[in-house]
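Below is one structure; the comments refer to it alone.
Please treat every number below as a calculation from the coordinates, not as lab data. Computed from a prediction, not measured in an experiment: that's the story for all the values here. Glycine gets a Cβ as well: all are built from the backbone with ideal geometry, and neighbour counts include every protein chain shown.
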Amino acid sequence: MKDNSFYNKIHRLGRITVVCALISFMAVPFGLAAVNGISMNIPEILKNAIPLLLTFSISGICENLSFMPIIGSGALYMSCVTGNVSNMKVPAAVNAMEVAGYTAGSDRADVVAIIAVAASTFVTTAIVFLGMLFLAPLFEPIYNNAFLQPAFQNMVPALMGALLFPFILKAPKQAIIPIALPIIAILVIGRKVFSSNQSYIMVGVIILSVIYSLALYKKGKISA
């Protein structure tokens with residue numbers, strides 16, 4: 001049985017940390033504007049912010065709902081505050097749990113995920129800081145090389161594909177809908193329209209995937 005006091009403390013500390021992070025993030029633009037005497041056009045800010053808020057709110061909610069059962073609440077709080085969730089923190093947590101031999105959702109897996117995300121945060125921060133100081137001038141010609149640009153532009157799809165492949169192998173029947181529907185949508189509505197509405201499409205795919213998995217379970221095709 002899960003220790004409720006431990007998880008209550010995790011949620012309390014997570015909420016406090018998220019609020020402090022939001023205040024810190026918002027303090028930068030407001031502080032700079034106040035120091036430099038720059039007035040803010042609130043209607044113009046809202047005009048540009050609301051479309052972004054709607055798009056990223058949907059994707060953020062979907063990501064949190066999908067990542068939490070995998071890496072646990074503690075690791076998710078830390079990942080959301082430190083950033084780079086899907087590219088770095090989730091793979092680090094998943095790999096750590098697999099190496100330790102713990103099943104996602106268990107108490108020990110959650111603790112391992114927290115440690116993995118914390119270690120990933122320290123390591124990536126140190127690497128970025130040192131790279132900014134010493135390596136950026138050396139690697140700039142490589143990043144800007146026209147021949148290598150396609151590789152850098154497809155790093156995220158390659159990483160997510162490698163992360164998802166083990167789960168597809170474990171549940172191939174359930175993976176049919178989440179994989180097939182986006183592919184069909186791209187072919188029907190086009191890549192441009194798909195990219196502009198991918199957050200809404202993601203919600204639809206998740207709902208249909210849940211319904212499909214529930215139907216497979218009721219028919220006895222998959223187990224709980």
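Here is how the numbers come out for the structure above:
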quantity	calculated
Principal axes of the range 4-146: Cα extent on each, largest first, Å	54, 42, 27
Distance (nanometres) between label positions extended 7 Å along Cα→Cβ at Tyr143 and Ile38	2.3 nm
Distance between modelled label sites at Leu135 and Asn64, nm, 7 Å Cα→Cβ extension	3.2 nm
FRET efficiency for Ala21 and Ile211, using Cβ-Cβ distance with R0 set to 30 Å, rounded to 0.05	0.25
Full-stretch length increase - Ala118, Ile183 - with 0.36 nm per residue and alpha-carbon distance subtracted	19.9 nm
Gyration tensor verdict on the range 97-224 (Cα atoms; rounded if a/c is under 1.5, prolate if a/b is larger than b/c, oblate otherwise)	oblate
Separation of alpha-carbon centers, the range 116-141 and the range 1-79, rounded to whole Å	24 Å
Rounded to the nearest 20 debye, dipole of the chain from Cβ charges on Lys, Arg, Asp, Glu	700 debye
Degrees between helix 107-130 axis and first principal axis of the chain (Cα, 0 to 90, nearest 10)	30 degrees
Gain on full stretching of the segment that runs from Leu54 to Ala158 - 0.36 nm per residue minus C-alpha separation	34.7 nm
Sites excluded, trypsin sites (Lys or Arg not before Pro) in DSSP loops with at most 16 other C-beta within 10 Å, longest stretch of the chain	3-218
Crossing angle, helix 172-189 versus the chain [Cα axis fit, 0-90 degrees, rounded to tens]	50 degrees
Most positive-pole-ward Cα, Phe6, Leu138, Thr103, against dipole of the chain from beta carbon charges	Thr103
Dipole-positive endmost among Leu214, Ile201, Leu53 within the chain (Cβ charges, Cα centre)	Leu214
